[in-house]
1. Among the listed residues B:G49, B:G39, B:G53, B:G24, which satisfies the condition of being closer than 18 Å to B:A154 by Cβ and small (G, A, S)?
2. Scan (1) touching a Lys or Arg at 6+ places or on another chain (Cβ under 7 Å); (2) open to solvent by less than 10 Å² (accessible area, probe 1.4 Å); (3) more than 10 Å from chain A (Cβ to nearest Cβ) for the single condition B:G383 breaks and write down its number.
3. Is it true that some residue in the stretch B:316-324 is touching a strand residue (DSSP E or B) at 6+ places or on another chain (Cβ under 6 Å), at pLDDT 95 or above and away from chain A (no Cβ under 14 Å)?
4. What's the total number of residues in the stretch B:267-315 that are of a type in the set (S, T, Y) and either modelled with pLDDT under 95 or closer than 21 Å to B:R198 by Cα (or both)?
5. Could you please let me know if B:T423 is in contact with a Gly (Cβ under 6 Å, 6 or more places away or on another chain) and either within 14 Å of chain A (Cβ to nearest Cβ) or of a type in the set (V, I, T) (or both)?
6. What are the residues in the stretch A:33-54 that are within 8 Å of chain B (Cβ to nearest Cβ), open to solvent by less than 10 Å² (accessible area, probe 1.4 Å) and within 18 Å of A:F139 (Cβ to Cβ), if any?
7. Does the stretch B:132-139 contain at least one residue that is within 19 Å of the chain's Cα centre (by Cα) and within 14 Å of chain A (Cβ to nearest Cβ)?
8. Go through the stretch B:429-447 and give me each residue that's more than 8 Å from every other protein chain (Cβ to nearest Cβ) and of a type in the set (D, E, K, R).
There are 2 protein chains.
Amino acid sequence: MNGAESLVRTARAAGIELCFANPGTTELPLVAALDREPGIRAVLGLFEGVCTGAADGYARMLGRPALTLLHLGPGFANGIANLHNARRARSAVVNLIGDHATWHLPYDAPLTSDIVSLASPVSAWVRTSRSAATLAGDFADAVAAASRPPGQVATLIAPSDCQWDPADGPARPRPRESLPRPEAGRVAATARRLRESRSPALLLGLGALREAGLSAAARVAAATGAALLCEVFPVHVDRGVGRPRVEKLPYFPEQAQERLARCDLLVLAGARSPVAFFGYPGVASRLAPESAEQLLATPDEDAAGALADLADALEAPARAPAPAPAPLPAPPTGALTPASLGAVLARLQPEGAIVVDEGATSGLVYFGAAEAAPPHSYLALTGGAIGQGLPCATGAALACPQRKVISLQADGSGLYTLQALWTQAREQLDVVTLICANRSYRILQLELARAGIAEPGAKARALTDLSHPAIDWTALARGFGVPATRVQTVEELTRALRNALDESGPCLIEVML
Amino acid sequence: MNGAESLVRTARAAGIELCFANPGTTELPLVAALDREPGIRAVLGLFEGVCTGAADGYARMLGRPALTLLHLGPGFANGIANLHNARRARSAVVNLIGDHATWHLPYDAPLTSDIVSLASPVSAWVRTSRSAATLAGDFADAVAAASRPPGQVATLIAPSDCQWDPADGPARPRPRESLPRPEAGRVAATARRLRESRSPALLLGLGALREAGLSAAARVAAATGAALLCEVFPVHVDRGVGRPRVEKLPYFPEQAQERLARCDLLVLAGARSPVAFFGYPGVASRLAPESAEQLLATPDEDAAGALADLADALEAPARAPAPAPAPLPAPPTGALTPASLGAVLARLQPEGAIVVDEGATSGLVYFGAAEAAPPHSYLALTGGAIGQGLPCATGAALACPQRKVISLQADGSGLYTLQALWTQAREQLDVVTLICANRSYRILQLELARAGIAEPGAKARALTDLSHPAIDWTALARGFGVPATRVQTVEELTRALRNALDESGPCLIEVML
């Protein structure tokens, strides 16, 4: 058995079932070892950002480590942006990166680079294996690091001689940690402050936005009248009819500050203290006054459990009353706008759908409309590194093959990682992509206006404009083997989306906004 | 005047005329400042790897700094792979990266990351500006660092408050260094060894592969019988009819070692000691014995000048006799193969063409065939980070609008940065892209065979196969606004390429191999 085989067997024993791969020469022993391990599926991405974004989506849906296999520093670098999102999402991702043989590294061959320096900003754990004998144990440690709740990015660099040299055998999976309960006293202190508050809110993150956490949060709300809030870009929200309603904070800091100013208490449950997405002159970075904040559970703690304890401490009812049914938006007609797109999607999306929202400005309206949709999962762009949507949808579909995945995708952002469509076609994934084609970087046009540049000059206009030449997403999709159609009206969208949802397999609808 | 304006004026004064840009919110003051500077053109890339690869191509053609404008850590990260190539090419590139306002950084907003750690592996110089007052001076230093001959990658991080806060004014351009002559004695020592050698070779790199360097090298060859060699992936070679012929070292180390074993002396002129691209079990990393090597000029020294001095020391003729005209390959017929593709291109390419070769296995034959082509420039994938060809061709076309650019592009590699096609369409660049469509990662299939895996299993086959589903490059190109056609025979290719070369503006030919 060589090092690569010992690693792959260790991976299987640790519960890894799938590898998002874009390997090269330095990873071939691992490819050969995967070939001999029937328990691990290998999914090829044509670009590393597809692999890492898919790993993020897979880990978000399953809550266990996703594995990537990438090619040295430059290949890994192509995956960094989506690992940045995964890091912010606290997704459990193990990156396995091949490197030159240890004895070849000193010669500084063309592909040599400082992989540790590249990996550190997006990895909670980085290690370089030193020999074939330690490779399996190193990998077991990587899986353990990635599994550390709620999840982390762990990166193992495997020089190729550590893969092909003889090894003893696989390593045993490391014990899994569980999410720690918050320190004693926080529940009582939070209950006390909630009792005194006139207008409290809970800011929910991670586990607090999943089924159990939300039920507990709803009990707290029933006992205290607290509003339920989440960040503008949540990791994974269980939502839809019958589930507690959560309000997203606005994106722009002035509006978020205004919303939070209506609360005299903000309880943080699995969420960090909210901050502005960007700094603006004259605008505070913090969105809520420190004095109004009360920490119940950090993202590294069991927010759902803490909320249940809090509800008990508040003597809340064992079950919150079901929320009053939200009305589905009226069937829109006429022109396609972000609002009519959001309404059509909310009306048609099936029960159990996974909605991956990188709709940017075009997706803002959808979230509210989907309150009345059948129960579904909602995944957002956690780290602001655009090009996350199509890969994340790909990974979510691989994680949950029985569920329909809907990718609500801004056109500008989608172009960063459009190669994901090919993986969707190859694996025949059940993903419907809705391209929000406003043919611009609309958010930057808004930001220019915010910066007081009411009439941008030719260059500023050109740098935010995607209409010249027009990008034909239906051609791009077909180029990658995904059937596609373009819609110009609400009626066309309704028909196309209904058809797409009735079929299985990938398809793309370019929605002309 | 704010910091951004002071920087942009400094850039113009330092000779910057073009900016390869993919900005976001943290770069908007720079965008606004560019709007007010008519002397700098802004070219939008839909993906940062397009910007950095184009900067590399631009810098290789013009020999002066190319500027990129990128969005924080994740945006920059998308450009790292092609900066890795630029670093290996010793291209002069200045990266300007926006970041959060200095006072916003401590809040760890979603897009915050350690940009210095990301940038260091690909940058010879990295600095973070601390105030608007220093931003212009910092940028002047960045340009000076990038300009340090033969060229370097320099990265300046500009927090957004340093852009929008008031500044004093632009900074003066720093003095330019010139390429140092090699230390005294090397020319004499080299001449001595050359006189004693029976089968010498010169390994040429950087300036030694350009017109003046090659003329000097040819004089040395005339006096000593030395063979003229270059690395398998040279930065920029002036070649074609009438120019000294240079032989590329083979890619695989055994073949390169065999070739070099035929020399008893290897003079390094602007090239590093040759090493294997990858390490393989039982194969030495060095391609030539150390004892056979003689350093004339490092890549940081004036190799062309040293070669001229060497020719003088050898009392070589003032001008080498013109090389015997190489015969153009016979017009091929029938099936499309890498050989027939190379022959057709060599026969049709016009004088002054710039050929960007990321053809991988499909491009190997072309280099030899093109010896007899009209004078042209040849640019290769210097760092092995694939996805360089289409962006590099884009930058070369912007640098040299009067010259025809031909992009010889492997299909697998091209898919990493296909968004470059849109920039070619938007700027109406004179680029003909030839996609070598073998629908596989052929090099990996060869490497699997080399690794003794004669019959790869299903997974190894799948991870090197791009035929399922087939990728339609003509659809992808049209999606980005580039006219495209597919050819199945030599005759179709000949017709399509002739038409493409007669027209101006971008087009793509998918060559079915």
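1. Working: B:G49 fails: closer than 18 Å to B:A154 by Cβ; B:G39 fails: closer than 18 Å to B:A154 by Cβ; B:G24 fails: closer than 18 Å to B:A154 by Cβ.
Step by step, each of B:G49, B:G39, B:G53, B:G24 is checked, and only B:G53 is closer than 18 Å to B:A154 by Cβ and small (G, A, S).
2. Against the list (1) touching a Lys or Arg at 6+ places or on another chain (Cβ under 7 Å); (2) open to solvent by less than 10 Å² (accessible area, probe 1.4 Å); (3) more than 10 Å from chain A (Cβ to nearest Cβ), B:G383 comes up short only on (3).
3. Going through the stretch B:316-324, the residues touching a strand residue (DSSP E or B) at 6+ places or on another chain (Cβ under 6 Å) turn out to be none.
No, the stretch B:316-324 contains no residue that is touching a strand residue (DSSP E or B) at 6+ places or on another chain (Cβ under 6 Å), at pLDDT 95 or above and away from chain A (no Cβ under 14 Å).
4. Initial filter on the stretch B:267-315 (of a type in the set (S, T, Y)): B:273, B:280, B:285, B:291, B:298.
Now restrict to residues that are either modelled with pLDDT under 95 or closer than 21 Å to B:R198 by Cα (or both): B:273, B:291.
So the answer is 2.
5. Details: in contact with a Gly (Cβ under 6 Å, 6 or more places away or on another chain): yes; either within 14 Å of chain A (Cβ to nearest Cβ) or of a type in the set (V, I, T) (or both): yes.
Considered against the rule, which asks whether it is in contact with a Gly (Cβ under 6 Å, 6 or more places away or on another chain) and either within 14 Å of chain A (Cβ to nearest Cβ) or of a type in the set (V, I, T) (or both), B:T423 comes out as yes.
6. A:L34
7. Looking only at the stretch B:132-139, we keep the residues that are within 19 Å of the chain's Cα centre (by Cα), and these are none.
No, every residue in the stretch B:132-139 fails to be within 19 Å of the chain's Cα centre (by Cα) and within 14 Å of chain A (Cβ to nearest Cβ).
8. If the condition is that a residue be more than 8 Å from every other protein chain (Cβ to nearest Cβ) and of a type in the set (D, E, K, R), then B:D430, B:R439, B:R442 are the ones that fit.
The values are calculated or read from the model by the stated rules, or taken from the named source; none is laboratory data. If you're wondering where the values come from, they're calculated on a predicted model, not measured in any experiment. Heads up, the Cβs are rebuilt from the backbone with ideal geometry, glycines too, and the neighbour counts pull from every protein chain shown. Note: accessible area is taken over every heavy atom of the protein model, side chains too, but ligands, DNA and RNA are not part of it. Shrake-Rupley method; radii C 1.70, N 1.55, O 1.52, S 1.80 Å.
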